[in-house]
1. Consider only pairs whose beta carbons are under 7 Å apart and that are at least six residues apart or on different chains; among these, list those whose first residue lies in region 106-129 and is on the phi > 0 side of the Ramachandran plot and whose second residue is of a type outside the set (A, V, I, L, M) and open to solvent by 40 Å² or more (accessible area, probe 1.4 Å).
2. Could you check Arg201 against (1) surrounded by fewer than 20 Cβ atoms within 10 Å (Cβ to Cβ); (2) of a type outside the set (S, T, N, Q); (3) farther than 30 Å from Met341 by Cβ and say which number it fails?
3. May I ask you to say which residue of Ala15, Ala27 is part of a helix (DSSP H, G or I) and among the hydrophobic types (A, V, I, L, M, F, W, C)?
4. Given the conditions (1) open to solvent by less than 10 Å² (accessible area, probe 1.4 Å); (2) assigned to a strand (DSSP E or B), and given that Ser118 satisfies all but one, which numbered condition is not satisfied?
5. Out of the residues in region 75-89 that are of a type outside the set (Ser, Thr, Tyr) and either under 20 Å from Cys200 (Cβ atoms) or in contact (Cβ under 8 Å) with a residue 40 or more places away in the chain (or both), state the one that is surrounded by the fewest Cβ atoms within 10 Å (Cβ to Cβ).
6. Being among the aliphatic types (A, V, I, L, M) and surrounded by fewer than 20 Cβ atoms within 10 Å (Cβ to Cβ) is the filter here, so list the residues in region 273-300 that pass it.
7. How many residues are under 16 Å from the mean Cα position of the chain (by Cα) and either within 16 Å of Leu184 (Cβ to Cβ) or not hydrophobic (A, V, I, L, M, F, W, C) (or both) when one looks only at region 110-129?
8. In region 54-64, is there at least one residue being in contact (Cβ under 8 Å) with a residue 24 or more places away in the chain, assigned to a helix (DSSP H, G or I) and in contact with a Pro (Cβ under 7 Å, 6 or more places away or on another chain)?
Amino acid sequence: MKKILEQQIPFPVDAESDNFTAALASALVIARGYTEETPYWCAQNRRYCIHCSPCGDNLPKRHQLSLYHCLLTASTLAFGFDYPWDDSVDSHSLPGFRNGWRWDDDFVKAMARFAGFSYLRFDGTSAQKEVLSTIKSSLNAGFPTLLRLENELAWILAVGYDADTLFGLDSQCHQLPDNWHSMLRDAIVITGNTAPAMSCRELLERIASALSYDEHTALEGVIMDALDHVTKENAMDIAGMMCGINSVPIEARWHAGEAFSGAENLICDICTNKEIHSRLSEVFFSRYIMEGNDETHGIGWKIWSALGVGPETGYNITEQSAALILQKETQETLKRLYAKMFENDRAVCAEIQACLEQFYENLQ
């Protein structure tokens with residue numbers, strides 16, 4: 001017997017640095033039955049897509065990106081300055097993620113409760129026959145499986161089978177090796193769609209906890225201190241530090257801004273209070289993605305520019321970056337830009353906390 005799922009969206013799509021979230025977003029496009037006929041809400045134009053530009057030529061890809069926006073936001077990964085799977089970081093800027101973290105059960109359960117799906121989970125100690133049978137059963141029902149094999153940080157989707165041969169999807173669809181089970185680290189078998197079980201209040205509490213986390217707050221002081229102590233000997237290291245820290249919020253806060261600016265997405269499914277959603281949409285949009293407003297996404301580009309970094313350098317520092325950061329003007333520019341980035345996070349957190357107070361008052 002053979003089964004290959006349709007509406008496969010290779011990932012990453014656009015700027016999607018978190019591989020698990022990208023894989024899950026592509027999985028949910030299939031699981032939720034999104035097609036070219038599924039209406040897509042365009043946050044930029046504040047209307048459903050009318051195919052006014054090439055971005056509307058593949059609506060399932062747009063849905064995948066919308067899912068990524070929301071999943072990264074609900075996971076809280078959109079609010080850090082590093083990713084929890086990055087073992088090169090001494091202390092993570094988000095709560096609940098220890099060094100060596102690898103998608104623990106609480107994390108996956110929270111994502112399932114937010115997005116609304118059921119699943120079974122296996123690892124390399126599970127019998128191959130049981131894992132394969134469960135994967136094939138879910139594929140027959142129209143649901144893919146997230147797999148983590150030899151590369152412990154890379155997720156792929158099982159999107160089909162032919163007899164006992166599995167087909168995987170990442171940046172392309174390909175046949176998995178016959179010995180895939182010997183490499184199996186993790187299998188998250190999606191078994192169905194469910195109603196979301198995470199409330200808007202719980203979602204906002206998660207985000208507020210991330211934005212007010214001690215390590216998140218302390219990082220601003222670490223950045224300022226480093227910029228006060230640049231020398232010829234450490235200039236390249238500090239330039240790399242500034243570039244590395246910036247590489248997460250420039251992308252991740254964009255996803256958060258898009259998530260709350262949407263009118264038809266997973267966030268809207270649980271944030272049904274229109275007044276609260278409108279307030280959140282305004283602060284997320286203005287602080288994170290509104291062009292010309294000292295928004296975090298734009299600030300990130302300015303930080304790269306101050307370091308001489310951009311697409312022409314592969315977004316990596318060069319010798320010029322070290323020379324630039326030795327200049328007092330560059331140091332002061334970076335201080336001002338990072339201060340504004342943290343100010344934006346505080347403003348978003350304050351509005352979230354104000355909305356939470358409204359929730360708590362309504363419970364009295």
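1. Close Cβ pairs satisfying both conditions: Gly116/Asn193; Gly116/Thr194; Gly116/Pro196.
2. Just one mismatch for Arg201, condition (3).
3. Of Ala15, Ala27, the one residue that is part of a helix (DSSP H, G or I) and among the hydrophobic types (A, V, I, L, M, F, W, C) is Ala27.
4. Result: Ser118 fails condition (1) only.
5. Here the answer is Trp85.
6. Met290
7. 0
8. No, that holds for no residue.
The values are calculated or read from the model by the stated rules, or taken from the named source; none is laboratory data. None of these values were measured; they are calculated from a predicted model. Neighbour counts run over all protein chains shown; Cβ positions are idealised from the backbone, glycine included. Only protein heavy atoms, including side chains, enter the accessible area calculation; ligands, DNA and RNA are left aside. Shrake-Rupley method; radii C 1.70, N 1.55, O 1.52, S 1.80 Å.
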